[in-house]
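Worksheet: one structure, shown below.
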Amino acid sequence: MKSQLTTLCYIEKDGKYLMLHRTTKANDENHDKWIGVGGHFEFQESPEECLLREVKEETGLTLNGYSFRGIVTFVSDDHPAEYMHLYTSDDFSGNLTPCDEGELEWVQKEKICALNLWEGDRIFLDLLTKSVPFFSLKLVYKNGHLVSQKLSGGR
């Protein structure tokens, strides 16, 4: 199995993150989960090109600036390894448009952990709110449940 390269971005405004409630795609491993926006690299794309394209496609917004916050490695018993490039941004323009993957909603940061999130997402969201410098986080899942985590860089 080949590894996957992806991006994920948490767009911030007024103490809120723009969250995507994944409800519409068939056979979606993220079905009914709340996540940031992003997706898979296309042929010969850089992480930044993927980030800008995915944010525009999923939200209608254009990122004017962003911060590369970390690399998250996902290992699972039933999927190839995924290397996710994690970004945040509070510098964007444009108008929010509907997303064909689910509903977009601005959610207060302190309320995000009450949403239906992946267990590992809670870990890197906590690192983002604590403004931990660039980090590498490895998350290992078995049967859809987080069984181990390893943080390097940052704290």
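The values are calculated or read from the model by the stated rules, or taken from the named source; none is laboratory data. Treat the numbers as computed from the prediction; the structure is a model and nothing was measured. A quick note on method: Cβ atoms are made from the backbone with ideal geometry, for glycine too, and the neighbour counts reach across all protein chains shown. Ligands, DNA and RNA are excluded from the accessible area calculation, which covers all protein heavy atoms including side chains. Shrake-Rupley method; radii C 1.70, N 1.55, O 1.52, S 1.80 Å.
Values as computed for the structure displayed
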| quantity | calculated |
| --- | --- |
| Answer residue from region 1-24, given it is β-branched (V, I, T) and in contact with a His (Cβ under 8 Å, 6 or more places away or on another chain) and is surrounded by the most Cβ atoms within 10 Å (Cβ to Cβ) among those | T7 |
| Residues of region 138-153 satisfying the condition of being in contact (Cβ under 8 Å) with a residue 40 or more places away in the chain and open to solvent by 50 Å² or more (accessible area, probe 1.4 Å) | K138, K142, N143 |
| Residue match in region 57-71 (condition: out of contact with any Leu (no Cβ under 8 Å at 6 or more places or on another chain) and basic (K, R)) | no |
| When residues of region 78-93 are limited to those that are in a loop (DSSP other than H, G, I, E, B) and over 16 Å from the mean Cα position of the chain (by Cα), the one farthest from C9 (Cα to Cα) | D78 |
| Single match in I123, I112 (criterion: among the β-branched types (V, I, T) and closer than 28 Å to A26 by Cβ) | I112 |
| Given (1) in contact (Cβ under 8 Å) with a residue 40 or more places away in the chain; (2) closer than 26 Å to D14 by Cβ; (3) open to solvent by 20 Å² or more (accessible area, probe 1.4 Å), index of the condition F135 fails | (3) |
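Residue by residue, here is whether (1) surrounded by 14 or more Cβ atoms within 10 Å (Cβ to Cβ); (2) out of contact with any Ser or Thr (no Cβ under 8 Å at 6 or more places or on another chain); (3) among the hydrophobic types (A, V, I, L, M, F, W, C) holds:
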residue: A26; (1), (2), (3): no, yes, yes
residue: V37; (1), (2), (3): yes, no, yes
residue: E45; (1), (2), (3): yes, yes, no
residue: R53; (1), (2), (3): yes, yes, no
residue: N64; (1), (2), (3): no, no, no
residue: G94; (1), (2), (3): no, no, no
residue: C99; (1), (2), (3): yes, no, yes
residue: Q108; (1), (2), (3): no, yes, no
residue: A114; (1), (2), (3): no, yes, yes
